[in-house]
């Protein structure tokens, strides 16, 4: 006896429901297995990535780009992978020092793609000047977002902090007894002291400075070559100041120039 | 163990047939012995246990472990996971056991509706977040849960259609389902 159409329809739906459930379970198992492989791949990559670093000055921003490869060892694609990082000065609470962003990129299963993280540091801001001459605790927040297998959005966050060692820690200018130098100027011996707290970094560059009177007149300008290993450093030289300038009460302004990038330091008043 | 099921629209046979007429043979369409025994009951019990482990106990254990180890507040009440998971699992096992009978359609309808309600409650909290010291992790499993709505929806349709078919053709199904 041939079954009725209603019964055959019901049987077809029953079969379809069973097949759908089995297919979904198999798919879910494959997603989990693949995700474990991705996790193992990330663990083995950590600390062994070849990172390309490039820096350039755009306006008053120092743009640093870091490029590193990411391998997807799973068999489903990682879609919309974004990496963002924010650096804050936890000592001064000056807000965000820099924001870094990378992506989005899509990495097919079993493939490797490069992710470039671009960070912008504002050198002319108060925080940039502060960090040039003061140690600080830098906080970093890192966010990673991606959608796995076009199905599972995943977010990872990581907070950390670093001790910042200022390369020109406690930068100070002191003038000796001035003497007439002719051409309407006086020559004053200048002593520049600072401590290089940047760990393992020998500071190479030029210290450009200018003496500015309270009325805005530039009384003198001078450059001092810097080759400063970590630790206390003293630079000496002579600066020629306009005789009409009072010297005492003037302000020293300037910047540290290295690799074509000028890092302004905070103005300092001559006592 | 076997259950005796009689599906027939023909009038009941007279208790004492005429003396000169031969005894009426029992037709297959009229009387069948349903194999509700042995493996089908055992299969239903096993299915219930597996389903409970997968949809009730496993999420319950994961939530309570994360809460105990990392202090993560459970997104869904663990008691609900355990209780509702048990109900869904028992209905799935009952549906399997009752497959050859006319009870399958209504049981499948109830099972599907309860499963959809269970998934609906889980979908109200589709994100699981874990914070551990300076590390945080979140995974959104809403789309996976939405995919798992498909089988009970199809199963609900199958239950409704089968129930209607059983109602409209009470004598037909026996030959096919109870060989």
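Tabulated data
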| quantity | calculated |
| --- | --- |
| Extent along principal axes [Cα atoms of the stretch B:50-179; Å; largest to smallest] | 67, 22, 19 |
| For chain A: relative contact order, % (alpha-carbon pairs under 8 angstrom, 6 or more apart) | 13 |
| Point-to-point label distance, residue A:217-residue A:170, nm (Cα→Cβ direction, 7 Å offset) | 3.5 |
| Whole-angstrom gap from the stretch B:32-99 to the stretch A:170-236, using each part's C-alpha centre | 77 |
| Highest-fluctuation residue, A:25, A:138, A:247 considered, GNM on chain A with Cα pairs under 10 Å | A:25 |
| Sorted by Cβ neighbour density within 10 Å, fewest at the top, the residues B:104, A:164, B:39, A:143 | B:39, A:143, A:164, B:104 |
| Relative contact order (%) - the stretch B:63-166, alpha-carbon pairs under 8 angstrom, separation at least six | 30 |
| Selected from A:82, A:11, A:73 as most flexible by GNM, with chain A as the system and alpha-carbon contacts under 10 Å | A:11 |
| Peptide B:159-166 - average C-beta neighbours from other chains (10 Å radius) | 5 |
| Folded to 0 to 90 degrees: helix A:5-45 orientation relative to chain A principal axis, Cα | 30 |
| The stretch A:92-169 shape via C-alpha gyration tensor axes, a/c threshold 1.5 | prolate |
| Zero-based 10 Å bins, Cα pair distances in chain A, whole percents | 6, 20, 21, 16, 12, 9, 6, 4, 3, 2, 1, 0, 0 |
| Cα pair distances in the stretch A:163-271, grouped into 5 Å bins until the bin that holds the longest one, percent each | 2, 12, 22, 24, 17, 11, 7, 3, 1, 0 |
| 222 nm mean residue ellipticity, helices alone, for chain A (DSSP H n ≥ 4; -39,500 (n - 2.57); rounded to 500) | -6500 deg cm²/dmol |
| Computed log₁₀ I(q)/I(0) - Debye formula, equal Cα scatterers, no solvent, the stretch A:207-271, q 0.19, 0.27 Å⁻¹ | -0.78, -1.24 |
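Quick note: the coordinates plus some simple rules give every number you see, no bench work behind them. Just so you know, these numbers come straight off a predicted model, no measurement behind them. Every residue, glycine as well, gets a Cβ built from its backbone with ideal geometry; the counts of neighbours run over all protein chains shown.
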